[in-house]
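Each remark here refers to the structure printed beneath this line.
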Amino acid sequence: MKTYLINHLRIPGDVPNSDALEYLEQVEATVSPFGGKWLAQGPVDVLEGGWPGAAVLMEFPNRDAALAWYNSAAYQAIRPLRVKSAISDLVLIDELPGDFTLKNFVAQLRAAC
């Protein structure tokens, strides 16, 4: 089951500093060994609520691969560059099973209540 990483990213002043650029130059090499790839990144169109900044959407083959990448020595070595230069909320979420329907989900919630 694929796992997605979502990063709600805010860059102070909207201009990356040298640490951020150094991070961007190095991060792809840390992701590739774990089967990760970028699916989307950039500014968002906010339809409801507030969302300052941009978003990054990445895909990993599964949650174990995503966690292995995040906890890898290679990524942890460059992580401070991102943390010092941006505000990020990182979350992981798994894809839904192929047979998922909202109707069945609601039925499960009703049964649990």
| remark: Flagged in region 1-18 as assigned to a helix (DSSP H, G or I) and closer than 21 Å to P52 by Cα, in numbering order, are P12, G13, D14
| query | For region 81-98, how many residues meet the condition of being more than 15 Å from K2 (Cα to Cα) and of a type outside the set (V, I, T)? | reply | 8
| remark: By residue number, the members of region 26-38 that are closer than 10 Å to F60 by Cα and among the hydrophobic types (A, V, I, L, M, F, W, C) are V31, F34, W38
| query | Just a yes or no: is a residue in region 68-76 exposed (fewer than 11 other Cβ atoms within 10 Å of the Cβ), out of contact with any Asp or Glu (no Cβ under 6 Å at 6 or more places or on another chain) and either part of a helix (DSSP H, G or I) or modelled with pLDDT under 95 (or both)? | reply | yes
| task | Could you tell me whether any residue of region 24-41 is at pLDDT 95 or above, under 17 Å from R82 (Cα atoms) and either of a type in the set (K, R) or not in a helix (DSSP H, G or I) (or both)? | result | yes
| field | Within region 53-79, tally of residues that are aliphatic (A, V, I, L, M), under 13 Å from the mean Cα position of the chain (by Cα) and within 26 Å of P12 (Cα to Cα) | value | 5
| field | Tally of residues being within 14 Å of the chain's Cα centre (by Cα) and assigned to a helix (DSSP H, G or I) across region 80-98 | value | 1
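Only one residue in A40, A54, A65 is touching a Gly at 6+ places or on another chain (Cβ under 7 Å) and more than 18 Å from R79 (Cβ to Cβ). Which one?
After ruling out the rest, the residue left standing is A54.
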| request: Working only within region 33-52, note down all residues that are over 16 Å from S88 (Cβ atoms), surrounded by 11 or more Cβ atoms within 10 Å (Cβ to Cβ) and over 13 Å from the mean Cα position of the chain (by Cα). | output: P33, F34, G35
| remark: Scanning region 18-32 for residues that are out of contact with any Pro (no Cβ under 9 Å at 6 or more places or on another chain) and not aliphatic (A, V, I, L, M), the one surrounded by the most Cβ atoms within 10 Å (Cβ to Cβ) turns out to be T30
| request: Within region 7-17, count every residue that is at pLDDT 95 or above and surrounded by fewer than 16 Cβ atoms within 10 Å (Cβ to Cβ). | output: 1
| field | Hits in region 42-67 - residues which are in contact with a Leu (Cβ under 7 Å, 6 or more places away or on another chain) and assigned to a helix (DSSP H, G or I) | value | R63, A66
| query | When region 87-113 is examined, which residues are found to be touching a residue at least 40 places away in the same chain (Cβ under 8 Å) and of a type in the set (G, A, S)? | reply | S88
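The values are calculated or read from the model by the stated rules, or taken from the named source; none is laboratory data. Predicted model, so just to flag it, every value in this text is computed and none were measured. Positions of Cβ are backbone-derived with ideal geometry, glycine not excepted, and every protein chain shown enters the neighbour counts.
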